Amino acid sequence: MMTNIYGELGWMGTGWRARDFKRKDIGGKTGTTNSSKDAWFSGYGPDIVATAWIVFDDNKRSLGRTITGGEAGAKSAQAIWNDFMKVVLDGVRQNDIEPPDGIISITIDSKTGKSATNNSVSKNLEYFIEGTEPKTAAIREVGTIVISEDGNSQELF
């Protein structure tokens, strides 16, 4: 579950730079203090957890300004973590991660959170405790047309 959250999903956010690993068995999280005095990236892979943390020794000065604002964990700290993990993971086979008993995965419609259909435009694989997964399929609206889970369409107006 954590790998799903901090891996695949994290790589769509501030941790996108780790996509280059092309692995599904790693994950991580960026972090930055409000004043940009500290920045870090904590992540993991098979049999390892590592954190790259940057800060001035006096812990009083800002790490600096950039075009988009202050320095951030996703910039410098993650670059350090990525360089370290490239060496550590070299030659290490990707682990296949199986969900524990009682956890199932289904594809959901990103817009509605219901079960995806062939008509769903954006879909994500999500994990649920068995029995808590969405029981109904998504209905997609296209302009003034509603497309039901069986693919039939109906004009609203």
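Of note:
- Filtering the range 124-140 to residues that are surrounded by 13 or more Cβ atoms within 10 Å (Cβ to Cβ) and modelled with pLDDT under 85 leaves ASN124, ALA137, ALA138, ILE139, ARG140.
- Number of the exception - ARG93 against (1) in a loop (DSSP other than H, G, I, E, B); (2) surrounded by 12 or more Cβ atoms within 10 Å (Cβ to Cβ); (3) modelled with pLDDT of 90 or more: (2)
- Residue in the range 6-17 that is of a type outside the set (Val, Ile, Thr), in contact with an Asp or Glu (Cβ under 7 Å, 6 or more places away or on another chain) and at pLDDT below 80 present: no
- Total residues in the range 34-60, condition over 18 Å from PHE84 (Cα atoms), among the polar types (S, T, N, Q) and either surrounded by fewer than 16 Cβ atoms within 10 Å (Cβ to Cβ) or touching a Phe, Trp or Tyr at 6+ places or on another chain (Cβ under 8 Å) (or both): 3
The values are calculated or read from the model by the stated rules, or taken from the named source; none is laboratory data. None of the values given here were measured: they were computed from a predicted structure. Please note: Cβ atoms are built from the backbone with ideal geometry, for glycine as well, and neighbour counts cover all protein chains shown.
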